[in-house]
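The values are calculated or read from the model by the stated rules, or taken from the named source; none is laboratory data. The shown structure was predicted, so the numbers you read here are calculated from the model rather than taken from an experiment. Here Cβ is always computed from backbone atoms with ideal geometry, including for glycine, and neighbour counts include all displayed protein chains. Only protein heavy atoms, including side chains, enter the accessible area calculation; ligands, DNA and RNA are left aside. Shrake-Rupley method; radii C 1.70, N 1.55, O 1.52, S 1.80 Å.
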Amino acid sequence: GIGGLTVLKELIQLMPQENFIYFGDTGRAPYGCRPKEEITQFMRQILAFFQSRQIKMAVVACNAMTTVGLEQVRREMPFPLVGVNNGAVAALKLSRKHRIGVIATEATIGSQMYNKYIQELNKDVTIYGKACPLFVPLVEEGLWEDPVTDEIAKRYLSELIDIDIDTLILGCTHYPLIRSTVGRVMGDQVTLVNPAYETA
């Protein structure tokens, strides 16, 4: 879908001299609610297209693809393959209370990637993951600033507010597009981390 555009925007800003080919799979989005095997199959198809274009590097601008298929598919490609940075290092630097929340799709939360990676870096941190599956279709529909998105955000994020996190990782490339909504709901006491910037 359009979520990868958040990563592309950061890449263009940091490397304006490069040529970019963007593949947005709006026909099969969202990926985050699909089985691992299907996500990996889509990944191989897209990378085969890129290989036919003789690219020098690919950025997998999708958290679901990064968490479920990157390591496996990376070995099959003749060019470097980079996944979405999970923002964990930035979140650890910003967190004062060592209480970090992660919002993402069901596939990403289910992979436990964030928990594993953050715990490897700092065992004293508590991580709270929350799947927010309706955020992707809302973003794809262009409902970035809409009462429906506000209501869904309040429902999803209320438990993260109640457990007093101080840092929240936007663990899906779509989520930065509703950053202002998430920020309003979470309040000024919670710092938001955008992994798209970290990826670039």
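Please report, to two decimal places, log10 I(q)/I(0) for region 101-200 at q = 0.11, 0.25 Å⁻¹ as given by the Debye formula with identical point scatterers on the Cα atoms and no solvent.
-0.30, -1.55
Only Lys, Arg, Asp and Glu count, each charged at its Cβ (+1, +1, -1, -1), so figure out the dipole size of region 108-194 about its Cα centre, rounded to 20 debye.
Here region 108-194 has a charge dipole of around 240 debye.
Check CYS62: other-chain or 5+ apart residues with amide H under 5 Å from its amide H, H built from backbone geometry?
Excluding prolines and chain starts, which carry no amide H, the hits are VAL84.
Based on alpha-carbon atoms only, what is the radius of gyration of region 85-125 relative to the globular estimate 2.2 N^0.38 Å?
Relative to the rule-of-thumb radius for its length, region 85-125 sits at 1.10.
Once Rh is set to the Kirkwood radius over Cα pairs, what Stokes-Einstein translational diffusion coefficient, in µm²/s, holds for the chain at a temperature of 4 °C and a viscosity of 1.567 mPa s?
It comes out at roughly 76 µm²/s.
When the convex hull of the C-alpha atoms of region 2-42 is computed, what volume per residue in Å³ does it have?
That works out to 81 Å³ per residue.
Which value, in debye to the nearest 20, describes the size of the charge dipole of the chain about its Cα centre when Lys and Arg Cβ atoms bear +1, Asp and Glu Cβ atoms bear -1, and nothing else is charged?
520
Taking N as the number of residues in region 50-150, what is its Cα Rg relative to 2.2 N^0.38 Å?
Normalised Rg, Cα atoms only: 1.27.
Return the subset of LYS93/LYS116; LYS116/LYS154; LYS130/LYS154 for which the Cα-Cα distance in this structure is over 19 Å, preserving the input order.
LYS116/LYS154
Suppose all protein chains stay in the model; what accessible area per residue would a 1.4 Å probe give for the chain, in Å²?
That works out to 50 Å² per residue.
Stokes-Einstein at 4 °C, 1.567 mPa s, Kirkwood radius from Cα pairs: D for region 107-153 in µm² s⁻¹?
D, rounded to a whole number, is 103 µm²/s.
Apply the Karplus parameterisation 6.51 cos²θ - 1.76 cosθ + 1.60, with θ equal to phi minus 60°, to every residue of region 83-99 and state each ³J(HN,Hα) to the nearest whole Hz, in sequence, with x for glycine and proline.
Each residue of region 83-99 in turn: x, 6, 4, 7, x, 5, 5, 4, 5, 5, 5, 8, 6, 8, 9, 6, 10 Hz.
Mean separation of Cα pairs under 8 Å and 6+ residues apart, divided by the residue count of region 142-200: what relative contact order is that in percent?
Taking the mean separation of contacting Cα pairs over the length of region 142-200, I get 42 percent.
Using only the Cα atoms of region 33-88, build the gyration tensor, take square roots of its eigenvalues as a ≥ b ≥ c, and label the shape rounded, prolate or oblate: rounded if a/c is under 1.5, else prolate if a/b is larger than b/c, else oblate.
oblate
Sort 34-43, 70-79 by packing, meaning the average of other beta carbons within 10 Å per residue, with the highest value first.
34-43, 70-79
Which residue, GLY32, PRO16, ASN86, has the largest displacement toward the positive end of the dipole of region 1-109 when charges sit on each Cβ (Lys, Arg +1; Asp, Glu -1)?
In region 1-109, that residue is ASN86.
Near the amide H of GLY101, under 5 Å away, which other amide H atoms are found, from residues 5 or more places off or on another chain, if H is placed in the peptide plane?
TYR128, ASP166, THR167, LEU168, ILE169
Give the carbon-plus-sulfur fraction of the accessible surface of the chain in %, rounded to a whole number; probe 1.4 Å, heavy atoms of protein chains only.
52
Mind checking Rg over Rh on region 1-108, alpha carbons, Kirkwood formula for Rh?
Radius of gyration relative to Kirkwood radius: 0.98.
Using just the helices of the chain, give the 222 nm mean residue ellipticity in deg cm²/dmol: DSSP H runs with n ≥ 4 each add -39,500 (n - 2.57), and the total is spread over all residues, rounded to 500.
-14000 deg cm²/dmol
Taking the highest mean first, how do the peptides 94-105, 18-29 order by number of other beta carbon atoms within 10 angstrom per residue?
94-105, 18-29
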